[in-house]
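Structure, as structure tokens:
Just so it is clear, none of the values below were taken in a lab; they were calculated from the coordinates. Note that this is a predicted model, so its numbers are computed, not measured. Don't worry about glycine lacking a Cβ; one is built from the backbone with ideal geometry, like all the others, and counts go over all protein chains shown.
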Amino acid sequence: YDNLQTAQGTSLYSGTVTIGTSVSASKYYPEDLTRKVGTFTYANGTSTVYRIADTDDVWNGSDQRVVVDAHFGASMVYDYFKTVHGRNGIDGAGGPTAYAAANGGAGLISSIVRYSTAYNNAFWDGTKMTYGDGDGSTFAPLVSLDIAAHEMTHGVTQYEANLTYQNESGALNESWSDVFGALVERYVYGESTDTWKIGEDCYTPGTSGDALRYMDDPHDASNGGYTSNDDPDHYSERYTGTSDNGGVHINSGIPNHAFYLLAKGGTHHLSGVAVTGIGADDAGKIWYKALADYMTASTNFAGARQATLSAASALFGGSSAQYTSTQSAWCAVGVG
Ligand SMILES: Cc1cccc(C(=O)O)c1OC(=O)C1CC1
Ligand SMILES: [Ca+2]
Ligand SMILES: [Zn+2]
């Protein structure tokens with residue numbers, strides 16, 4: 001949880017976050033009319049969506065934490081794509097704002113919190129963000145910043161490459177969401193080892209230090225290795241079964257690790273291929289341009305390698321350090 005609920009406008013980064021928009025004296029809604037981002041809630045366990053109001057615009061009620069975090073997350077995702085990639089909103093045109101909650105929400109990129117009951121998931125449903133509260137054991141409320149960015153990047157992908165959500169294209173869909181989840185978290189909090197963990201702020205609240213996925217170490221070898229949340233980091237280890245839509249949350253470890261090596265550098269523990277890091281900023285530029293300009297619904301891992309090379313060449317030149325490291329990052333994970 002972020003500490004935004006203690007004060008209006010206090011933000012954890014250089015910008016200013018608008019939580020409450022005043023509608024009238026002593027009536028504020030979490031609806032930012034500049035970013036066109038709004039946050040709504042389900043009445044616990046029901047399918048009734050309604051606006052959340054506050055009387056003094058200090059959002060520190062215990063039931064307001066998920067509202068503040070979801071709203072903060074959507075605002076930060078908006079700022080990241082606008083500031084870093086020049087992209088206006090999820091659809092590139094300041095939306096989608098098609099979703100209109102029963103009581104408001106028209107014209108806003110909407111997030112809904114408190115979905116279902118003890119729901120261990122968060123998802124983009126094609127027009128809006130939705131968060132579960134978690135069951136308190138596997139997940140605390142799933143409103144952490146990297147998850148908000150992960151889910152809203154599913155929206156960006158839908159408007160760009162629209163990668164089919166199964167097998168290798170589905171694993172790329174998942175991986176691009178993890179990558180921009182990491183990059184938005186880094187944009188707001190600065191880079192740390194947590195940057196490369198996915199969901200660490202709300203996964204297993206009773207256990208510290210663990211995460212849902214690990215881009216720096218998909219096998220999670222540091223936790224005894226090859227245990228829970230053990231995903232492949234080399235093409236030779238890819239899952240070829242049918243569960244999880246053909247392993248979209250499993251094989252994502254392979255492109256996730258390629259991105260990590262491209263950004264931070266390192267030598268792959270299995271292939272022994274060394275990668276010279278180019279930094280997460282340039283790596284993020286390559287990944288965004290690949291998604292927006294070169295990848296399509298049926299792109300597979302080999303196609304993603306080619307798309308990122310085309311993007312690196314267009315951005316930095318075909319003999320640039322960025323291009324060369326993109327080649328070696330994919331080679332390190334056994335693709336191309
Ligand atoms: C928790 C969860 C379950 C099923 C699908 C997703 C999904 O959005 O793919 C999901 O959310 C994540 O993976 C976010 C990044 C932690
Ligand atoms: Ca993280
Ligand atoms: Zn996902």
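In this rough spin-label picture, where each label sits 7 Å from Cα along the Cβ direction, the A106-D194 distance is 4.0 nm.
Projecting the Cα atoms of S313, Y42, A283 onto the dipole axis of the chain, where Lys and Arg carry +1 and Asp and Glu carry -1 at the beta carbon, places S313 farthest toward the positive end.
Stretching the chain fully between N162 and A302 yields a gain of 48.7 nm (0.36 nm per residue, less the alpha carbon separation). Net length available on complete extension from T324 to A43 is 95.9 nm, with 0.36 nm assigned per residue and the Cα-Cα distance removed. Taken one residue at a time, the phi angles of region 117-126 give Karplus couplings (6.51, -1.76, 1.60, θ = phi - 60°) of 9, 6, 7, 8, 6, 9, 7, 9, 9, x Hz. Gly and Pro are set to x. Over the C-alpha atoms of region 73-181, the Rg to Rh ratio, Rh being the Kirkwood estimate, stands at 0.97.
Can you pull the Rg over Rh of region 116-261, Cα-only, Kirkwood?
The Rg/Rh ratio comes out at 0.94.
Computed extension length for T240-Y50: 64.1 nm, one decimal, from 0.36 nm per residue of separation with the Cα-Cα distance subtracted. The packing ranking, built from the mean of other Cβ atoms within 10 Å per residue, places the peptides 284-297, 252-265, 38-51 in the order 252-265, 284-297, 38-51, highest first. When the chain is described by a simple charge dipole with +1 on each Lys and Arg Cβ and -1 on each Asp and Glu Cβ, the residue from V23, I198, T326 located farthest towards its positive end is V23. Mean-square fluctuations from a GNM of the chain, with a 10 angstrom spring cutoff on Cα atoms, peak among G181, G246, G170 at G246. Semi-axes of the equivalent ellipsoid of region 11-156 are 20, 19, 15 Å, computed as sqrt(5λ) over the eigenvalues of the C-alpha gyration tensor in descending order.
In whole percents, the pair-distance distribution calculated for the chain from its alpha-carbon pairs, binned every 20 Å from zero, is 33, 57, 10, 0. Semi-axis lengths, largest first, of the ellipsoid equivalent to region 199-336 are 26, 17, 15 Å, with √(5λ) applied to each eigenvalue of the Cα gyration tensor. Residues whose amide H comes within less than 5 Å of that of G89, counting only those at least five positions distant or on another chain, are K82, G94 (H built at 1.01 Å from N in the peptide plane). Spatially close Lys pairs in the chain, defined by Cα atoms under 27 Å apart and a spacing of eight or more places or different chains, total 19. Ordering of 239-245, 190-196 by packing is 190-196, 239-245, highest average first (other Cβ atoms within 10 Å, averaged per residue). Annotation: amide H-H contacts under 5 Å for V37 (H modelled 1.01 Å from N, sequence separation of 5 or more, or interchain): D32, I109. Proximity of backbone amide H atoms, modeled 1.01 Å from N, is registered between I112 and F40, M129, T130, Y131 at under 5 Å, excluding neighbours fewer than 5 places apart on the same chain.
For D293, neighbours were defined as the other residues whose beta-carbon sits under 14 Å from its Cβ, and their charges (Lys and Arg +1, Asp and Glu -1) total +2.
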